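As structure tokens, the structure follows; a few thoughts come after it.
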Amino acid sequence: MSRCFLVLEDGTILEGTGFGYEKTTYGEVVFNTGMTGYQESLTDPSYLGQILIMSYPLIGNYGTNPYDVESDKVQVRGFAVRQNCMEPSDMYQGRTLDAYLKENRVPGISDLDTRSAIIHIREKGTPRGAIVFDEDPMEVLEKVRNMPFPSDENLVGQASIKMPVRHESVKKGAKTIALFDCGAKENILRELRKRFNIIQLPYDTPVQWFRDHEVDGVMISNGPGDPDHPDMRTATIKTVREIKEDLPIMGICMGNQILALAFGGRTYKLKFGHRGVNQPVKHKGRVYITSQNHGYAVDPKSLEGTGLEVSHVNANDGTLEGMTHKELPIFSVQYHPEACPGPRDTTFLFDDFVKLLEARR
């Protein structure tokens, strides 16, 4: 373990202890309020480009394992915790977080005042930053201030698959859907396979693919970065705009934002985003506990005249958490119904999508 620093673009420098892969790393610094699920967060493609801070103080106490993953690798650029447990429970194989990050070549910092760092981000907004090993933090600060935001990159292009992949359902006689992979979590695929055959598509699949292949519906996944990135406008958004009247569509997280943009709505960047497993969402007179990971939101005022209307609202800050179309078989949510924080609060949404497809026989 070595001396290490978390550097934020406003000049804040916090000292801690390095662990994981010891190299300086740069990214957008965000925080997650979940008490568990650190391995799922580490492997969530929506965190691509980001340095993740966990608000819960004890991380690594149940180790790491091959099962609690949302992709085939660690996606974050860096990981910051208050206490890194070096002797985890052997219930889940007892493999340390330190070894896991080393294997994935991802740096971490512990013994950090994460409470102070998170309060700072909540007050100032999401900053660029770095975890610094063996370098002068003041010199790194200048690099941080001059670096572009990770969302300026086409992060979805990095997270998406490159060629179509077919997944057969465990259900006999299941309908077939196309899944736009913008950085899809594994648990979305697991939930979908219970109900559908899936053709997982690259994010930039053109409209001609849908003219050449028969599917019963379309799912748009979560993903990292800015949904209104120029490369998204000429790829996923363009294709969805051209097929939106042809097929039932469901969107999750970035999928919600892409649908809004395809219909002429707007998105905007939140001050510090929603990331955690305890976000309350109001829908049809009930409050559901949801898992979320996004830094952008849909502007509800921009939906006027699009045919889309607000169906879900965040109980904390009133932001839009879901939409339905007034006439077309289309709906979306900003949160993750596959993540089951409740543990099953909103998985019924996948069944609602089944009903939309069955209604079009």
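Once backbone amide H atoms are built at 1.01 Å from N, F79 has L52, G108, I109 as its partners under 5 Å, excluding neighbours fewer than 5 places away on the same chain. Separation of the range 230-267 and the range 65-120, taken as the distance between their Cα centroids, equals 34 angstrom.
What the phi angles of the range 229-244 give under the Karplus curve with 6.51, -1.76 and 1.60, with θ = phi - 60°, is a coupling list of 4, x, 5, 6, 5, 8, 10, 4, 4, 4, 5, 4, 4, 7, 10, 4 Hz, glycine and proline written as x. To the nearest 10 degrees, how steep is helix 114-124 against the longest Cα principal axis of the chain, on a 0 to 90 scale? Helix 114-124 sits at roughly 60 degrees to that axis.
Which percentage, to the nearest 5, of the DSSP beta bridges contained in the range 178-307 is antiparallel? The partial results should precede the final answer.
Numbers: 11 of 21 bridges.
If we restrict to bridges inside the range 178-307, about 50 percent are antiparallel.
Charged neighbours of F19, selected by a Cβ distance under 11 Å, balance to -2 (K, R count +1; D, E count -1). Across the range 39-45, computed HN-Hα scalar couplings (Karplus, 6.51 cos²θ - 1.76 cosθ + 1.60, θ = phi - 60°) run 6, 4, 5, 4, 9, 6, x Hz from first to last residue, x flagging Gly and Pro. Axis angle, to the nearest 10 degrees, between helix 348-358 and the longest C-alpha principal axis of the chain: 30 degrees. Antiparallel beta bridges, as assigned by DSSP with both residues in the chain, represent about 60 percent of the total such bridges. Close amide H pairs (under 5 Å, H built 1.01 Å from N) link T24 with F133, residues at least 5 positions away or on another chain.
For the chain, the longest principal axis of the C-alpha atoms and the axis of helix 137-146 are separated by about 30°.
Can you pull the percent of Cα pairs in the chain with separation above 30 Å? More than 30 Å apart: 36 percent of the Cα pairs in the chain.
As a proxy for reagent exposure, ranking R344, R233, R77 by other Cβ atoms within 10 Å from fewest up yields R344, R233, R77.
Near the amide H of L179, within less than 5 Å, lie the amide hydrogens of I199, Q200, L201, M219, all on another chain or at least 5 residues away, with H placed in the peptide plane. Across the chain, Cα pairs under 8 Å and at least six residues apart give a relative contact order of 14 percent.
Find out how many positive minus negative residues lie around P148, taking Lys and Arg as positive, Asp and Glu as negative, among other residues whose Cβ is under 15 Å from that of P148. Summing Lys/Arg as +1 and Asp/Glu as -1 gives -2.
Since every read-out is calculated from the coordinates, none of them should be taken as a lab result. Being a predicted model, the structure only gives us computed values, none of them experimental. Backbone-built Cβ (ideal geometry, glycine too); neighbour counts: all protein chains shown.
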